[in-house]
Amino acid sequence: MSDTKTFLITGVSTGLGRALARAASAEGHRVVGTVRTPADARDFEALAGDGHARILDVTDHDAVDTVVDETERDLGPVDVLVANAGYGHDGLFEESSMDDLRRQFEVNVYGTVAVIKAVLPYMRERRSGHIIAVTSMGGLITMPGLSFYHGSKFAVEGILETLGKEVAGFGIHVTAVEPGSFRTDWAGRSMIRAPRAIADYDELFEPVRARRIQGSGRQPGDPDKAAAAVLRIVAAGRPPTRLLLGTDALRLVRAGRDAFEREMRAWAELSASTDFDDVSRSA
């Protein structure tokens, strides 16, 4: 049986999506990559050996269905979906608008879900497939100035974990890939930054935003190594439900989980006090 697979990867113009498309193509896989412009499409097809570009805005759900249906019909079954398209919104909660929130969720959550929903019926019918979504360490921890971004990634994490439990019986794997800080455009030209307006937050946020801008291009994570890691879990017989990428992700998520455990233990007595008395006596 051939190990060659057909990958559908959203957002292959830059960053992790581009690195993964390049690595999968180098291993002999067929890659269908979505981009936003004809120029990006030409660039991608020149980059990838057996690469097929599709122009797609993931917030256009009818277009998502069309791209998936055409891929299945013309190029064969999608074995691996990588829902990678997304962006970061940098802005304090009080300084960010409802339109900012809506757009962040339209791309990061609804766009991701639309692509998964389009691919899932085909995988379920075949009783095989691997659904991967690139979330973030920011789907498990939080930092000031990223509330809308964190909200979108926390939402995707919950959706993916639940989906994995629903489709496990169909031979479909679901993995959330959670990068830390990588040398991509995420903190550079791809990030939307809300304008500053409230001086009360200056002391807290100005240094945070400055570090984020200055650190762009000097992050510890290597996109090519991230791509190699993703290909390893695709080849694994029992891939993980979650895969953190980067030493910073490991460190920060561990610290966040430890803090949660300490707080849960500190308030455990109050948490347990809310049951009916007969439940408490029988426990």
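The values are calculated or read from the model by the stated rules, or taken from the named source; none is laboratory data. Because the structure is predicted, anything quoted here is derived from the model rather than measured. With ideal geometry, Cβ positions are generated from the backbone for all residues, glycine too; neighbour counts draw on all protein chains shown. Just the protein is used for accessible areas: all its heavy atoms, side chains included, with ligands, DNA and RNA removed. Shrake-Rupley method; radii C 1.70, N 1.55, O 1.52, S 1.80 Å.
Here are the numbers:
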{"read-out": "Options 153, 165; residue that is among the basic types (Lys, Arg), within 15 Å of the chain's Cα centre (by Cα), under 22 Å from residue 243 (Cβ atoms) and at pLDDT 90 or above", "value": "153"}
{"read-out": "Of all residues making up the stretch 210-228, the number that are open to solvent by 30 Å² or more (accessible area, probe 1.4 Å), at pLDDT 85 or above and of a type in the set (Gly, Ala, Ser)", "value": "2"}
{"read-out": "Residues (open to solvent by 40 Å² or more (accessible area, probe 1.4 Å), of a type in the set (Gly, Ala, Ser) and not in a loop (DSSP other than H, G, I, E, B)) located in the stretch 20-51", "value": "26, 39, 46"}
{"read-out": "Test: residue in the stretch 14-32 that is acidic (Asp, Glu) and either touching a residue at least 60 places away in the same chain (Cβ under 8 Å) or in contact with a strand residue (DSSP E or B) (Cβ under 8 Å, 6 or more places away or on another chain) (or both)", "value": "yes"}
{"read-out": "Among (1) modelled with pLDDT of 95 or more; (2) open to solvent by 70 Å² or more (accessible area, probe 1.4 Å); (3) closer than 27 Å to residue 19 by Cβ; (4) among the β-branched types (Val, Ile, Thr), the one test that residue 192 misses", "value": "(1)"}
{"read-out": "Total residues in the stretch 140-169, condition open to solvent by less than 60 Å² (accessible area, probe 1.4 Å) and closer than 16 Å to residue 124 by Cα", "value": "4"}
{"read-out": "Residue, modelled with the lowest pLDDT, within the stretch 75-95, restricted to residues that are closer than 17 Å to residue 20 by Cβ and of a type in the set (A, V, I, L, M, F, W, C)", "value": "85"}
{"read-out": "Residue 72, sole failed condition from (1) of a type in the set (D, E, K, R); (2) open to solvent by 50 Å² or more (accessible area, probe 1.4 Å); (3) at pLDDT 95 or above", "value": "(2)"}
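Residues checked against (1) crowded, with 21+ Cβ neighbours inside 10 Å; (2) without any contact (Cβ under 8 Å) to a residue 12 or more places away in the chain; (3) under 16 Å from the mean Cα position of the chain (by Cα):
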site: 56; (1), (2), (3): yes, no, no
site: 78; (1), (2), (3): yes, no, no
site: 83; (1), (2), (3): yes, no, yes
site: 127; (1), (2), (3): no, no, no
